[in-house]
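Each remark here refers to the structure printed beneath this line.
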Amino acid sequence: MKTPVVILDQVDKYYPKGVHALREINLQIDQGEWTAVMGPSGSGKTTLLNLLDGLDRPTSGRIEILGVDTNRFGADEWTVFRREHIGLVFQQFYLIPYLTALENVMLAQYYHSMVDKKQAMRALERIGLSDRARHLPSQLSGGEQQRACIARALINAPKIILADEPTGNLDEENEKTVMDIFRELDLEGQTIVMVTHNPELGKLADRRIYLEYGRVTAFH
Amino acid sequence: MFWRILFDSIVRRKKRKGLAILAVWIGISLVVGLLMLSLDTGDKMNLELRSFGANIKVMPVSSSIPVTVGDYALTPSMDSSYLTGRGASPRPVILSEAKDLRSFGPLGLRMSRLHPKITPRRLSYLEESDFPKLKEIFWRNNIMGIVPRLWTEGEVNGSTVPILGLWLERRIPTETGEDFVTGATQLYKHWSIRGSWPSRGDERTCLMGVELARRFSVSLGDTLEVKGQRGSIRFQVSGIVSTGTQEDSSVITSLDTVQRLTGLEGKVSEADVSALTTPENKLAEKYRLSPQSLAPVEYERWSCTPYPENVASGIQDAIPNSAARVIRRVSETQGAVLTRIKGLVFFLAIVTLISCSLSIMGILASAVLERRPEVALLQAIGAERSHVLTFFLVEVALLGIVGGFLGGMTGSWIGQELVQAIFASKANDHLALVILSPFLGLGVASLGSLRPVLQALGEDTAQVLHGN
Ligand SMILES: Nc1ncnc2c1ncn2[C@@H]1O[C@H](COP(=O)(O)OP(=O)(O)OP(=O)(O)O)[C@@H](O)[C@H]1O
Ligand SMILES: [Mg+2]
């Protein structure tokens, strides 16, 4: 039986100056599903993801996540909700530059609940970064930084992982490593929403949503 | 974890944090330095101005009787109220048989140039032993310098010359247990002396007035024989002095020496006193116009304010048979100039404080705005706004405190150097300023970053992170 994790109902998003970035989006994402959001540049993929993680708000329509209507959230409520249930991976591998890979992971623990160094270390081990745990981001390669970001996104066992072109800035080899991690997560039943340009990567997902001019044009 | 992040943030970004600290450091240094200078200006200017001489002249009562010389009226411009009804009959002393006696009146007139020939009927003296009492009167803390002087004469190379004896340096014990040190070397700092003051304890050195030196072709280091009524002394000239007044044509040495040489032990013909005074204001004027018009409270206030007249009359009461006269011009400018300059330096310090604060704020603001992605990221991974704000403010406060502390240190050093350079004297201790400066740094730094941090927090997190 499928449990809906995300439900979008008639969601519209306007940016200032009248840019209509998303139009009448109706969408359901189920638990354990790996969804790829695809489409040309400027079609609204990032915008859609930002509505799901609460960094941005819809202009109209309803967004229900884990059965909660997120429209009622204030900024700090969204922050709390996000750190409880959502893990974020960005295209640029944002890490705090003066904290080591391990400390960056522990920071997410700190904001979520309690710092547990052993657990943070296990998260890094899992993505093959344990020998780089005490390196600063500037001492890590792009692929290693992105893996640290994934470890950080996973550390609090989120219900949903949102990734915006997680391999957009990586070479092929690193792209493969990252996708292997995602595949593994998918097998474990992790709900993942991933934005990508790359049809090859899109094929890995359970389901693909195509966007064009802010509209959903196809599901596969 | 909070402190760990903070620690890492500072230790692993030494260069940037160093820059912020440096900005605060330099700013606070300047401010503390200037504030110190402005706080010291009052004291030091007082000292400086005091070195421009006495502002109260003390004379025997009889000397204040008008004397006319040709067309010049040598009237001491004395308020007759000073001649208090003491039935003053100062001991008259007939001075010498000399027919050609120059009187070097206590009036500050350039008599040496006029060469007036006066034959005073009598000269009177004050008692030297009365002067230490000035440190016991009501105004004792306002009395900053006392130089009793004895004008007499002696013979050099067969001609009669004026001789001036004065306290070179004298220690007067006071009730506080600390000696009050005064004398000509301190009060007449403005005298221009080629060479040096007669050495203390050595009775065989003297200063020579520049005109007299020219007349006798005496130069520095020469010796000359001075004959008095009680013997003669061979002096070595330790300095040639030029004051622009009657000292220029006299031999000047210590009071004791002159007293012994002329048999006038314990006698003084006048005294210069330097006192800290308050410029006359409305209240003083009101009193002058009509003493009766003052209410009791006003009278109380008037009588406790060190107006020049009040201090002078206190001195006059303490020294028997004396009349104390205010040298009005000097004491008035003293107060007025002082207030103005003090205000000016304080104004400068405040302007510096403001401009330094602004530039520190500017530097910190750009440092915070540079970290916008960090602010956005912290929020994205679950930091509430208040947490981010606290984190940034605590960090910047620490930097501010460190910068302020360093600034307090170097600032007080700068202040000392400034005071040294400008007033050639040691700066007072301003511990309060040094203690205050870390807080000043904290305040300026926190104020400087508050706005940019709030601004960074208010920014569209999504936009910053996704780089649209
Ligand atoms: N903050 C913003 N203000 C105004 N317009 C915006 C803003 N962010 C995005 N847009 C516009 O909204 C539309 C959708 O942008 P979005 O970033 O969602 O596209 P995308 O599908 O993620 O593109 P890409 O593949 O290039 O990342 C675009 O036309 C974009 O110019
Ligand atoms: Mg995008």
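Computed from the coordinates by the stated procedures, all read-outs in this text should not be read as laboratory data. Just so it is clear, the model here is predicted, and its values are computed rather than measured. Cβ: placed from backbone, ideal geometry, glycine included. Neighbour counts: every protein chain shown.
Using just the alpha carbons, could you tell me how many Å³ per residue the convex hull of the protein assembly as shown encloses? Dividing the Cα hull volume of the protein assembly as shown by its residue count gives 257 Å³.
Over segment B:126-276, what is the relative contact order in percent, taking alpha-carbon pairs closer than 8 angstrom and at least six residues apart? Please report the intermediate quantities before stating the final value.
Working: 335 pairs, mean separation 50.8, N = 151.
About 34 percent, as a whole number.
Peptide B:379-391 has a mean shielding of 6, counted as Cβ atoms of other protein chains within 10 Å of each residue's Cβ. Phi-derived couplings, Karplus 6.51 cos²θ - 1.76 cosθ + 1.60 at θ = phi - 60°, listed residue by residue for segment A:137-143: x, 5, 9, 10, 6, x, x Hz, with x used for Gly and Pro. Remark: segment B:346-360, residue by residue, has Karplus-estimated 3J(HN,Hα) of 5, 4, 4, 4, 5, 4, 4, 4, 5, 5, 5, 4, 4, 6, 4 Hz, where x stands for each Gly or Pro and the curve is 6.51 cos²θ - 1.76 cosθ + 1.60 at θ = phi - 60°. Of the residues B:PHE405, A:PHE90, the one with the fewest other Cβ atoms within 10 Å heads the list, and the complete ranking is B:PHE405, A:PHE90. For segment B:144-279, the alpha-carbon radius of gyration amounts to 1.05 times the rule-of-thumb value 2.2 N^0.38 Å expected for a compact globular protein.
Amide H contacts under 5 Å for B:ALA275: B:ASN55, B:ILE56, B:MET144, restricted to partners 5 or more places along the chain or on a different chain, H placed in the peptide plane at 1.01 Å from N.
For B:LEU168, the amide hydrogen comes within under 5 Å of the amide hydrogens of B:ALA184, B:LEU255, counting only partners 5 or more places away or on other chains and with H modelled in the peptide plane.
If each residue's Cβ is checked for other Cβ atoms within 10 Å, how do B:LEU454, B:LEU212, B:LEU389 rank with the fewest at the top? Numbers along the way, then the final one.
Details: B:LEU454 14, B:LEU212 23, B:LEU389 18.
Fewest to most other Cβ atoms nearby, the residues stand as B:LEU454, B:LEU389, B:LEU212.
Can you give the average number of partner chain beta-carbon atoms within 10 Å of each beta-carbon in peptide A:92-98, as a whole number?
Average per residue, whole number: 6.
Counting beta carbons within 10 Å around each of B:LEU255, B:LEU358, A:LEU99, B:LEU431 and listing the fewest first gives the order B:LEU431, B:LEU358, A:LEU99, B:LEU255. Counting only aspartates and glutamates at least 8 places from A:LYS17 when in the same chain, those with an alpha carbon closer than 17 Å to its own are A:ASP56, B:ASP460.
A simple charge model with +1 on the Cβ of Lys and Arg, -1 on the Cβ of Asp and Glu and nothing else charged puts the dipole of chain A at about 300 debye relative to its Cα centre.
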